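J.: Below are the structure tokens for one structure; questions will follow.
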Amino acid sequence: MLSIVSFLLSEVMEQSRRRRQLAYSLLFGLWLPSCLTQTTPSNTGMTTPKPSASPQPQIERLRVRLAGFPRKHNEGRIELFHKGEWGTICDDDFSISNANVLCRQLGFVSATGWTHSAKYGKGQGKIWLDNVLCNGGEKSIEFCKSRGWGNSDCTHDEDAGVVCKDERIPGFVDSNVIDAHVDENKIEEVRLRPVIAMAKKRLPITEGVVEVRYKDGWAQICDLGWTTKNTHVVCGMLGFPHERKVNRNFYKRLKKRAAEKVSKPKVKVSAGGRLYLERQKSNFHIHSVACTGTEVHLAACPLEFSKPNATSSCGGGMAAVVSCMPGPLFIHNSGLKKKFQISSNVRLKGGARVGEGRVEVLKNNEWGTVCDDRWNLQSASVVCRELGFGSAKEALTGARMGQGMGPIYMNEVKCLGQEKSIWNCPFRNITSEDCKHMEDAAVRCNVPYMGLENSIRITGGRTRYEGRMEVLRSDSNGTQSWGLICGENWGTNEAMVACRQLGLGYANQGLQETWYWDNSNVTEMVMSGVKCVGNEMALTQCQHHKTVSCQRAAPKFAAGVICSETASDLVLNAPLVQQSVYIEDRPLHMLYCAAEENCLSKSAAKANWPYGHRRLLRFSSEIHNIGRADFKPKAGRHSWVWHACHGHYHSMDIFTNYDLLNANGSKVAEGHKASFCLEDTDCQEGVSKRYECANFGDQGITVGCWDTYRHDIDCQWIDITDVKPGNYILQVVLNPNHEVAESDFTNNAMKCNCKYDGHRIWLHNCHTGDAFSEEAERRFEKYPGQMDNQIS
């Protein structure tokens, strides 16, 4: 009996042992390859490991950029940012599948090719990846198989590159940027430290000792051999277009006087002298600088660093001091503003922040764009400086600030960096095959630090981009406490300024009630009657009540905002309006639906229905979304209104205003159009339709698409039955009440000169509101009309 029991026990134990062994085998079978994947051989002489899955993806998304020269914006040497350092990829085993993954990471739809043997020049630093094997469907190169980070037997002669299809992924948010390839570890940050107490209190700081971030503090630069070219670079980095001459003798006297007083303990030292001496006690981190003047960053200049054990790192010299001239937007003195002339034939459009936008240039009194082929920081810096900003922080390609609609005037701009205007730089003229508006160049300029974001904040939101507005105000005793803004009449324009001041991009919505964000102890209204144009840098620059007056003063009626990094931008196809215009005498019995939707003039109500007719000025409208976010109605579909007569939902009460104006600007006839159904009628190549009204579908206009209202549909007209023959201006305004936020409202209006002889009608000079120069716009307004019916 015992032997049987022992046998059974041994069998049970053996089965248990086998189960444990199987579990361990399965565990190690899954775990061991993962471990081997992350193991980097310590001996480079060892046998080359087979490609395996790359290391686990980093917590921070992998940054990828194109580099090298010569190249277009959609091609270049591939560089990856890993462990705080940019590095390259070796071309061993490289393939089109790898290139497809990388191009998508860069915001392009796919790759058309790849390059080997450092075609775009040799990179520097690490070669991060080697023997990369992608399937082509990975979301990031880090998910592909490779030898592991930093494990390579290549040299930079084998750096890989890609050629991406010149077509952007719709709605891709990340920057398509050509940025400054400088060693940021060498110089992290630069500032001006004022030595005069009064200068420290006023922003921007335009003069002071140049200091660089060093370890946990700040260090100075020796001024031996310091030149105006060095000053030019420093001023540009800090947002200033020009430099001024420094009174160096003043600083020498200050240094001498302070030193003399310090040598006499009983003598009181001035604040300025004490501050200056404190700076002098610091070690000089940089011994000499030799900029050419065209660099966009001090770190791009040849630098000689002070030796740690040197007894005197600036013998016979002193700390470098610079003085900069701010642009007109940042000058407090109105007299100086008038003296500073900025360019009148270059502008920035579509940007959310001050000093950024799509580059547009003026030629023959019409604005056009610049193609991004060979667009770089030197050319971008010339644009920035001529507009009153500093050097360029980023040179953006691929219509990163939206697409223009007019002509494209320049291609392959090749500025050296010292030109006064982009018009002084070599460039190629454009042919229709060269560029499309999806290649419009843009810039982000360095701007002076104004501290505007310190006097405003948003609280209580679900993300940092939304919340209730609070502003910092001083009471009669000089005490600062935070307060609320009255929500009455607060709208999109005001929200645009608030989001700009906060550095949070574009406005998505301006909210007049924020009861669900009331989570702070701030309850007092300190600002009311805010009315902004929309281009101001801060809310304090907008109109507002001197004394707070708010009918609904409860905290839940405080103003709020929702900001966004992207926004839509609607613009009308002006030539199509001019080409499609005509007059129709339409019988009243065919206008019952139009009358129901208020698409006829007031006199129609007194007509002898259903007899007679109305005279209609008809034309087609093609509304493009050239922004970076889809245009979607503010109201959700639950609140859309069904119109049985026309058989569709209206998602916006008024989507477009149509007006006929006389020479005085008074309306002689008007019309309005609800959004019958916002949808994608057609799109540019490579962009798919997203919105369709059929079957209660989503309404909107996709980026790169347009919504067409043909001339032969109801309400696509102005009722001119009561209009007398004469010369007029036809005006069409999209999104007239700014109900939906856009990146730029200045291009929402379209105007045409109009001649009506009582039987026929002609339109000419049709253009969007900001497409002409100021001079051409004045001529347009004064235009007397055609002398006959022939229009050349």
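The values are calculated or read from the model by the stated rules, or taken from the named source; none is laboratory data. Everything quoted here is computed from the prediction, not taken from an experiment. Using ideal geometry, Cβ is built from the backbone for each residue, glycine included, and neighbour counts are taken over all protein chains shown. Just the protein is used for accessible areas: all its heavy atoms, side chains included, with ligands, DNA and RNA removed. Shrake-Rupley method; radii C 1.70, N 1.55, O 1.52, S 1.80 Å.
J.: Kindly indicate the residue of region 670-705 that is hydrophobic (A, V, I, L, M, F, W, C) and modelled with pLDDT under 90 and also most open to solvent (accessible area, probe 1.4 Å) among those meeting that condition.
T.: By that ranking, first place goes to Phe696.
J.: Does Ala663 meet the test of being under 27 Å from Gln731 (Cβ atoms), open to solvent by 60 Å² or more (accessible area, probe 1.4 Å) and hydrophobic (A, V, I, L, M, F, W, C)? Before the answer, list the steps.
T.: Values: under 27 Å from Gln731 (Cβ atoms): yes; open to solvent by 60 Å² or more (accessible area, probe 1.4 Å): yes; hydrophobic (A, V, I, L, M, F, W, C): yes.
When the stated conditions are applied, Ala663 passes them.
J.: Name the pairs whose Cβ atoms lie under 7 Å apart, with the first residue in region 474-487 and part of a loop (DSSP other than H, G, I, E, B), the second of a type in the set (Phe, Trp, Tyr), and 6 or more positions between them or separate chains?
T.: Qualifying pairs under 7 Å: Gly487/Phe557.
J.: Regarding region 237-252, can at least one residue be identified that is more than 23 Å from Ser391 (Cα to Cα), in a helix (DSSP H, G or I), in contact with a helix residue (DSSP H, G or I) (Cβ under 6 Å, 6 or more places away or on another chain) and modelled with pLDDT under 90?
T.: No, region 237-252 contains no residue that is more than 23 Å from Ser391 (Cα to Cα), in a helix (DSSP H, G or I), in contact with a helix residue (DSSP H, G or I) (Cβ under 6 Å, 6 or more places away or on another chain) and modelled with pLDDT under 90.
J.: Across region 712-729, what is the number of residues that are within 36 Å of the chain's Cα centre (by Cα) and open to solvent by 50 Å² or more (accessible area, probe 1.4 Å)?
T.: 0
J.: While we're on this one: Looking only at residues in region 446-469 that are over 19 Å from the mean Cα position of the chain (by Cα) and open to solvent by 60 Å² or more (accessible area, probe 1.4 Å), which one is nearest to Leu377 (Cα to Cα)?
T.: Asn454
J.: How many of the residues in region 454-464 are closer than 14 Å to Thr514 by Cβ and in a loop (DSSP other than H, G, I, E, B)? Write out each step before concluding.
T.: Step one: list which residues in region 454-464 are closer than 14 Å to Thr514 by Cβ, which gives 457-462.
Filter once more, so that each one left must be in a loop (DSSP other than H, G, I, E, B): 461-462.
Adding up the residues that qualify gives 2.
J.: Continuing with this model, one more query. Checking Val530 against (1) in contact with a helix residue (DSSP H, G or I) (Cβ under 6 Å, 6 or more places away or on another chain); (2) open to solvent by 40 Å² or more (accessible area, probe 1.4 Å); (3) β-branched (Val, Ile, Thr), only one condition comes out false. Which one?
T.: Unmet for Val530, out of (1) in contact with a helix residue (DSSP H, G or I) (Cβ under 6 Å, 6 or more places away or on another chain); (2) open to solvent by 40 Å² or more (accessible area, probe 1.4 Å); (3) β-branched (Val, Ile, Thr): (2).
For (1) among the hydrophobic types (A, V, I, L, M, F, W, C); (2) modelled with pLDDT of 95 or more; (3) surrounded by 17 or more Cβ atoms within 10 Å (Cβ to Cβ); (4) in contact with a Ser or Thr (Cβ under 7 Å, 6 or more places away or on another chain), each residue gets a yes or a no:
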position: Val548; (1), (2), (3), (4): yes, no, yes, yes
position: Lys556; (1), (2), (3), (4): no, no, no, yes
position: Val581; (1), (2), (3), (4): yes, yes, yes, no
position: Gly612; (1), (2), (3), (4): no, no, no, no
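J.: Considering region 418-445 alone, what residues qualify as being within 23 Å of the chain's Cα centre (by Cα) and more than 30 Å from Leu472 (Cβ to Cβ)?
T.: The answer is Ser421, Ile422, Cys435, Lys436, His437, Met438, Glu439, Asp440, Ala441, Ala442, Val443.
J.: Within region 400-436, how many residues are in contact with a strand residue (DSSP E or B) (Cβ under 6 Å, 6 or more places away or on another chain), acidic (Asp, Glu) and surrounded by 15 or more Cβ atoms within 10 Å (Cβ to Cβ)?
T.: The total comes to 1.
J.: Quick one: how many residues across region 62-112 are out of contact with any Cys (no Cβ under 6 Å at 6 or more places or on another chain), part of a strand (DSSP E or B) and surrounded by 21 or more Cβ atoms within 10 Å (Cβ to Cβ)?
T.: So the count comes out to 11.
J.: Mind counting the residues in region 492-521 that are part of a loop (DSSP other than H, G, I, E, B) and open to solvent by 20 Å² or more (accessible area, probe 1.4 Å)?
T.: 7
J.: Mind listing just one residue for me: the one in region 356-397 that is at positive phi and open to solvent by less than 10 Å² (accessible area, probe 1.4 Å) and, of those, nearest to the chain's Cα centre (by Cα)?
T.: Gly357
J.: Being at pLDDT below 65 and either in a loop (DSSP other than H, G, I, E, B) or surrounded by 15 or more Cβ atoms within 10 Å (Cβ to Cβ) (or both) narrows it down to one of Lys229, Lys261, Lys255, so name that one.
T.: Selected residue: Lys261, the only one of Lys229, Lys261, Lys255 that is at pLDDT below 65 and either in a loop (DSSP other than H, G, I, E, B) or surrounded by 15 or more Cβ atoms within 10 Å (Cβ to Cβ) (or both).
J.: Looking at region 693-716 only, could you name the residues that are part of a strand (DSSP E or B) and under 24 Å from Glu596 (Cβ atoms)?
T.: Asp707, Thr708, Tyr709
J.: Are any residues in region 197-226 open to solvent by 60 Å² or more (accessible area, probe 1.4 Å) and of a type in the set (Phe, Trp, Tyr), and if so, which ones?
T.: Tyr214
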